Amino acid sequence: MEHQNIIFTNAVSDALTRVLQAKKFNKLFVITDSNTRCKVLPRLADNQYVADAVVVEFPAGDVNKNIDSLTSVWQQIGEAGGTRHSLAVNLGGGVVTDLGGFAAATFKRGIPFVNIPTTLLSAVDAAIGGKTGINFNGLKNEVGAFCEASDVIISTAFLDTLPEIEVKSGYAEMLKHGLLKSRDCFMSLVNFDVANGSKDRLLELLKESVEVKAEIVRQDPHEHGIRRALNLGHTAGHAFESMAMARQKPIPHGYAVAYGLVIDAVLSHFKCGFDSADVHRIADYVLGNYGAFHITCDDYDELLRLMKHDKKSSYGEINCTLLGAPGDIRIDSIIDDDTMKEAFDLYRDLMHI
């Protein structure tokens with residue numbers, strides 16, 4: 001992460017001009033999806049670099065984060081005269097930074113790229129850390145590469161283009177980072193009104209949150225050790241996400257992570273002595289802001305099966321990141337089936353199911 005320049009500002013156009021003035025390239029490509037091209041790109045129309053760039057567009061939505069869209073992006077760059085001396089700007093949410101980053105990492109064996117995340121979730125998660133890729137063969141992020149953007153311009157300037165549900169989805173990842181850092185950091189997030197608070201204050205909280213992730217990634221860029229701390233809330237969260245899709249009632253990624261944070265808080269209490277008052281604080285916040293993901297005893301075996309197929313599982317075990325307290329991280333905690341079922345029971349009590 002030493003070489004990644006992360007800029008926090010709500011003057012996005014000015015920051016982009018400064019970044020591009022310092023680079024040499026023969027052609028600029030702005031990679032975006034159909035939503036961002038419509039809602040965000042016009043806000044950068046006064047930027048001369050953007051005005052002169054070739055816009056490369058693919059259809060919006062995770063369902064389009066696939067090989068067809070990737071091929072289309074390569075083709076558009078190639079037909080517009082892209083070379084290894086070109087430069088890409090990925091303007092959009094996590095689908096754009098994932099797919100656009102992978103396209104840039106592989107076109108002509110790699111051209112440099114800049115990320116401008118336009119959603120809270122992509123700002124705090126996908127745009128930082130160098131994970132790029134596409135979904136393939138029915139599996140999320142199955143094909144990709146570690147390749148970092150040279151620069152990431154992070155702002156809260158475009159969040160008014162999003163529905164509140166998308167902002168809350170990103171905020172769940174910030175809550176995760178707060179728990180990984182300290183109780184003070186977590187409480188500052190709990191006490192902020194994400195739906196109505198100021199963009200500038202949210203940018204301050206976002207900066208602190210991104211710096212938590214950036215420091216972890218700096219220590220472990222390829223996820224061999226401490227980077228697995230970032231999986232807090234994700235083992236159960238991914239299972240909830242998969243179950244919701246199977247029910248044909250999909251939930252946003254951040255909502256699944258929020259429910260997963262409740263599960264991991266309960267497991268942390270069982271296994272690591274995590275304070276029960278903090279378990280209740282997390283559960284109350286999640287229930288009040290995200291509602292509950294409804295499960296019954298009949299769902300337990302399927303949830304266990306899904307967690308054992310998670311990519312963090314090496315030998316079919318359930319592998320979670322837990323906490324002794326906010327900021328006291330315990331990676332690679334192996335959970336047996338009976339303990340996980342007890343956690344589901346307590347989750348249902350806490351979430352009033």
Query raised in the report: Residues of the stretch 18-42 being out of contact with any Gly (no Cβ under 6 Å at 6 or more places or on another chain) and open to solvent by less than 40 Å² (accessible area, probe 1.4 Å), which ones?
Result: Val19, Leu20, Leu28, Phe29, Val30, Val40, Leu41
Query raised in the report: Could you count how many residues in the stretch 1-47 are under 23 Å from the mean Cα position of the chain (by Cα) and either assigned to a helix (DSSP H, G or I) or among the charged types (D, E, K, R) (or both)?
Result: 12
Query raised in the report: Can you name every residue in the stretch 159-179 that is open to solvent by 10 Å² or more (accessible area, probe 1.4 Å) and not β-branched (Val, Ile, Thr)?
Result: Leu159, Asp160, Leu162, Pro163, Glu164, Glu166, Lys168
Requested in this report: May I ask you to list the residues in the stretch 263-278 that are open to solvent by 10 Å² or more (accessible area, probe 1.4 Å) and either within 18 Å of His234 (Cβ to Cβ) or modelled with pLDDT under 95 (or both)?
Outcome: Lys271, Cys272
Report summary line: Out of (1) among the aromatic types (Phe, Trp, Tyr); (2) farther than 22 Å from Ile331 by Cα; (3) surrounded by 22 or more Cβ atoms within 10 Å (Cβ to Cβ), the one Phe240 does not meet is (2)
Report summary line: Here the qualifying pairs (Cβ atoms under 6 Å; residues six or more apart or on different chains; first in the stretch 171-185 and outside any helix (DSSP H, G or I); second open to solvent by 10 Å² or more (accessible area, probe 1.4 Å)) come out as Ser182/Pro326; Ser182/Gly327
**Report entry** Failed criterion for Gly260 (all others in (1) more than 14 Å from Ile353 (Cα to Cα); (2) open to solvent by 30 Å² or more (accessible area, probe 1.4 Å); (3) modelled with pLDDT of 95 or more hold)
**Finding:** (2)
Report task. Kindly indicate the residue of the stretch 191-209 that is touching an Asp or Glu at 6+ places or on another chain (Cβ under 9 Å) and assigned to a helix (DSSP H, G or I) and also most open to solvent (accessible area, probe 1.4 Å) among those meeting that condition. Result -> Lys199
Query raised in the report: Listed residues Phe136, Phe107, Phe102; which is at pLDDT 95 or above and either crowded, with 24+ Cβ neighbours inside 10 Å or under 26 Å from Asn231 (Cα atoms) (or both)?
Result: Phe102
**Report entry** Near pairs, Cβ below 6 angstrom, 6+ apart or cross-chain, from the stretch 285-303 (closer than 17 Å to Ala265 by Cβ) to any residue that is open to solvent by 50 Å² or more (accessible area, probe 1.4 Å) and among the hydrophobic types (A, V, I, L, M, F, W, C)
**Finding:** Ala292/Ile353
Query raised in the report: From the residues in the stretch 210-226 that are within 19 Å of Ala258 (Cα to Cα) and either hydrophobic (A, V, I, L, M, F, W, C) or at pLDDT 95 or above (or both), which one is surrounded by the fewest Cβ atoms within 10 Å (Cβ to Cβ)?
Result: Val212
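Determine, yes or no, whether Ala45 is at pLDDT 95 or above and either open to solvent by 10 Å² or more (accessible area, probe 1.4 Å) or over 18 Å from Phe107 (Cα atoms) (or both).
No: the conditions fail for Ala45.
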**Report entry** Of the criteria (1) hydrophobic (A, V, I, L, M, F, W, C); (2) assigned to a strand (DSSP E or B); (3) out of contact with any Ser or Thr (no Cβ under 8 Å at 6 or more places or on another chain), which one Val95 fails
**Finding:** (2)
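The values are calculated or read from the model by the stated rules, or taken from the named source; none is laboratory data. Bear in mind the structure is a predicted one, so any value in this text is a computation, not a measurement. Quick reminder, even Gly has a Cβ in these numbers, built from the backbone with ideal geometry, and neighbours come from all protein chains shown. Protein only, heavy atoms only, side chains kept; ligands, DNA and RNA dropped before computing areas. Shrake-Rupley method; radii C 1.70, N 1.55, O 1.52, S 1.80 Å.
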